[in-house]
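One structure is given below, encoded as structure tokens.
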Amino acid sequence: MNIAIFGGTFDPIHSGHLQAAEVAARKFHLDRVLFVATGRPPHKMAEQLTAFEHRYAMVALACAGHRGFIPSLLEAPSQDGRPSYSIETVRRVARSLGPGDRLYFILGADAFLDLPHWKDYRSLLDSADFIVIPRPGFDAQSIRKAASQDLARARGRQQPGRISLGRSVVYILDGLRLPWASREIREAIREDHWPAGCVTPLVKQYIQKEGLYPSPGSSDGRS
């Protein structure tokens, strides 16, 4: 089987996330995409995230109707408040795979360029192949430059959209541009403006029902 881990805060999960997963699933023949909502991401410990149960619920609703898209509790918050680390998640998934299975890790270009600051990032690079989603301001050239300089693991002749590392390959989904970021969607919702198609209808209903992302001064938010 070909399995991908797609991690993120998903605050909220939006249509761009789903579009990226659909493109990756077709291109790499993915049998499953595990959408892993992070419980306590170490790089966002100081940020006020929406409660995990809300973010996971939105992931589950967004995955509904998409064959092979699986909402995952792999990084649900622990009772001791310990942060979630991607290397531990990847290792847990890898232990469940068979010898013929292949594991991918989907992430945005900004996150990929920040990999040197992640826990055991070199081990993480050796544990899966990476599918990188371009972001505004992060083109394929900047990703290749980071891979060859900061990561210092590139080898051999590089192919368009593909960077070979020591034990893994980084694939760039060239031509895919996500129209929104979760932060921008939160800000728009707080201003009572919903960008057309930014989230699925079920996710929009959930946000409205639970009063997530209230406008400043509002007292009806429950996040």
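Numerical summary
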read-out: Tabulated pairs, the range 83-96, first farther than 14 Å from LEU34 by Cβ, second among the small types (Gly, Ala, Ser) and exposed (fewer than 15 other Cβ atoms within 10 Å of the Cβ), C-beta under 7 angstrom, 6+ apart or interchain; value: ILE87/SER123
read-out: Residue count for the range 27-44, restricted to those that are modelled with pLDDT under 95 and part of a loop (DSSP other than H, G, I, E, B); value: 4
read-out: Scan of the range 168-203 for residues that are assigned to a loop (DSSP other than H, G, I, E, B) and small (Gly, Ala, Ser), ordered by number; value: SER168, GLY175, ALA181, ALA196, GLY197
read-out: Residues (among the hydrophobic types (A, V, I, L, M, F, W, C) and either out of contact with any helix residue (DSSP H, G or I) (no Cβ under 7 Å at 6 or more places or on another chain) or surrounded by 21 or more Cβ atoms within 10 Å (Cβ to Cβ) (or both)) located in the range 18-33; value: ALA20, ALA21, VAL23, ALA24, ALA25, PHE28, LEU30, VAL33
read-out: Filter result for GLN208 (outside any loop (DSSP other than H, G, I, E, B) and either among the β-branched types (Val, Ile, Thr) or at pLDDT 75 or above (or both)); value: yes
read-out: Candidates ARG135, ARG102, filtered to the one that is within 26 Å of PHE10 (Cα to Cα), modelled with pLDDT of 85 or more and surrounded by 13 or more Cβ atoms within 10 Å (Cβ to Cβ); value: ARG102
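Table: residues versus (1) among the hydrophobic types (A, V, I, L, M, F, W, C); (2) at pLDDT 95 or above.
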position	(1), (2)
ALA25	yes, yes
ALA46	yes, no
GLY68	no, yes
TYR85	no, no
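The values are calculated or read from the model by the stated rules, or taken from the named source; none is laboratory data. Note that the coordinates shown come from a computational prediction; the quantities given were computed from them, not determined experimentally. With ideal geometry, Cβ positions are generated from the backbone for all residues, glycine too; neighbour counts draw on all protein chains shown.
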